[in-house]
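These notes are about the structure you will find just below.
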Amino acid sequence: MSDHVTKATGQRARWLPSSAQRSSKMPVRLPPKKKFDVADFALPAFALTTGAMVGLSAPQLIDPSGLAGWIKIGVLTGSASLVSYIVNRYAVEQGANLAARGYLTAGIISIGSILVVGGGLFASTYAGLTIERVNDLKLQQHAQALAVFLERENAQASKTGQAAPAIDAAVADIQAQVACESRESCLSGRGNGGRGRVTRAIEPLARRAAQISTQLQKGKATRSNSLTRVNGLIGDYQTTFSNSQLGISKRRRALSRIDARIKQEISALRDVMPLALLRAYAGELEKGIQISGRAQATRNVNALLHRHGRAISSSLENLDDKLASAPAFPAQAGVSSTFAFIGHFLPLAALTGVIELIMPLTLWGYMLLSHLWKNYSDDPHDPRAPSSASQTQLKGGGDAL
């Protein structure tokens with residue numbers, strides 16, 4: 001029995017390892033888990049975020065109507081995610097590692113590829129996210145420009161109307177002198193009146209002055225009616241612009257029609273106030289007339305005409321002869337137009353830039369520093385670091401002591 005147990009025990013002793021054998025061959029704990037790599041998670045997440053942003057912005061840049069439009073948007077979204085992932089993955093993992101080993105070309109290419117891809121994605125996403133709002137801003141700015149233009153034209157017309165008293169004075173005075181010359185020869189100083197050469201010379205000037213005065217009076221009434229219509233049209237412009245139920249295309253068409261009507265009214269406003277005619281008439285009066293054989297009468301008549309010509313010219317001195325062009329109706333915004341308003345959308349532009357450009361560049365920089373430190377730890381090049389021989393001597397000296 002004991003032999004049988006001993007024999008069995010011996011057999012078990014042969015296949016059961018000793019404690020020393022167990023400690024040297026069998027694991028006493030689970031292997032350590034693989035450390036979480038931020039790059040493994042960040043780059044795919046970044047690519048998906050980029051694709052989502054392109055998907056949100058593409059419908060504003062491409063007409064999504066119909067199946068073909070949505071296929072284009074889907075292809076753009078998928079391509080943007082794929083390109084972003086591949087380029088940034090190789091730049092961060094390979095480019096940063098090679099740059100840390102001194103391969104300058106790899107660093108330049110990896111940084112350049114991140115900038116090119118990120119810059120393209122930033123331009124498209126920022127433009128797509130803001131282009132509709134930029135269209136609204138351009139239409140709103142156009143309304144303000146129209147209001148300023150109308151105010152300027154109204155002021156010009158009002159100043160033109162200020163010449164009416166000078167014209168009325170010229171009409172009254174010249175007509176009175178014509179009547180006096182016909183009765184008593186007040187200007188010529190010869191004879192006892194009658195319709196002679198002096199009267200016939202100044203009668204056309206008196207008639208033109210009366211016609212201009214009548215035109216100014218009519219223009220004043222017409223200007224008031226025109227301003228009322230223009231103000232109503234500007235109100236219609238603002239109402240249509242604020243109508244959120246209309247799509248941007250319908251709103252633009254309606255606003256374009258209102259804009260054309262406003263400009264027609266402003267053009268009519270210019271025509272009712274005859275600035276050019278007033279200046280021409282003032283110049284004619286200042287130039288005077290020549291009555292052959294009647295030197296004294298010529299001097300008397302020209303003194304009268306010159307006085308009224310100067311009065312009319314003085315009333316027009318503050319007017320601008322150059323006609324300002326009406327502001328053109330704004331064209332539909334494009335990608336480049338959105339960057340003209342980047343200050344208005346600065347927070348959104350900064351956020352988009354951080355996602356598309358700053359984040360991959362930052363990740364590349366941290367990976368570069370990580371590789372540089374690892375390379376230094378494996379093979380330090382700092383001359384201040386103690387060499388292996390000096391460390392051996394120090395250890396030997398310590399033992400000797």
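Out of the residues in the range 233-249 that are free of Cβ contacts under 8 Å to residues at least 40 places away in the same chain and not in a loop (DSSP other than H, G, I, E, B), which is surrounded by the fewest Cβ atoms within 10 Å (Cβ to Cβ)?
Ser249
Assuming Asn135 fulfils every condition listed in (1) assigned by TED's automatic domain parsing to the domain that holds Ser370; (2) over 18 Å from Ile355 (Cβ atoms); (3) crowded, with 16+ Cβ neighbours inside 10 Å apart from one, which condition is it?
It fails just one condition, (1).
Conditions tested, residue by residue: (1) more than 19 Å from His306 (Cα to Cα); (2) in contact with a helix residue (DSSP H, G or I) (Cβ under 6 Å, 6 or more places away or on another chain); (3) not in a helix (DSSP H, G or I); (4) not small (Gly, Ala, Ser).
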{"site": "Arg133", "(1), (2), (3), (4)": "yes, no, no, yes"}
{"site": "Ala143", "(1), (2), (3), (4)": "yes, yes, no, no"}
{"site": "Glu153", "(1), (2), (3), (4)": "yes, yes, no, yes"}
{"site": "Lys159", "(1), (2), (3), (4)": "yes, no, no, yes"}
{"site": "Ala166", "(1), (2), (3), (4)": "no, yes, no, no"}
{"site": "Ala170", "(1), (2), (3), (4)": "no, yes, no, no"}
{"site": "Arg183", "(1), (2), (3), (4)": "yes, no, no, yes"}
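Give the residues of the range 255-289 that are modelled with pLDDT of 75 or more and not in a helix (DSSP H, G or I), sorted by residue number.
Listed by number, the residues that qualify are Gly288, Ile289.
Let's see how each residue does on (1) within 30 Å of Ala164 (Cβ to Cβ); (2) in contact (Cβ under 8 Å) with a residue 60 or more places away in the chain; (3) of a type in the set (Ser, Thr, Tyr); (4) not assigned by TED's automatic domain parsing to the domain that holds Thr228:
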| position | (1), (2), (3), (4) |
| --- | --- |
| Arg257 | no, no, no, no |
| Gln264 | yes, no, no, no |
| Ser267 | yes, no, yes, no |
| Asn302 | yes, no, no, no |
| Ala311 | yes, yes, no, no |
| Ala328 | no, no, no, yes |
| Ser337 | no, yes, yes, yes |
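Of all residues in the range 259-291 being out of contact with any Gly (no Cβ under 8 Å at 6 or more places or on another chain) and among the acidic types (Asp, Glu), which is farthest from Gly309 (Cα to Cα)?
Here the answer is Asp259.
Starting from residues that are within 10 Å of Ala80 (Cβ to Cβ) and either among the aliphatic types (A, V, I, L, M) or in contact (Cβ under 8 Å) with a residue 24 or more places away in the chain (or both), keep the ones in the range 45-56 and report whichever is surrounded by the most Cβ atoms within 10 Å (Cβ to Cβ).
Taking the candidates together, the pick is Thr50.
Tell me which residues, restricted to the range 92-106, are surrounded by 17 or more Cβ atoms within 10 Å (Cβ to Cβ) and over 11 Å from His371 (Cβ atoms).
Scanning the range 92-106 gives a single hit, Ala106.
The values are calculated or read from the model by the stated rules, or taken from the named source; none is laboratory data. Keep in mind the model is a prediction, meaning the values are calculated, not measured. Virtual Cβ from ideal backbone geometry, glycine too; neighbours counted across all protein chains shown.
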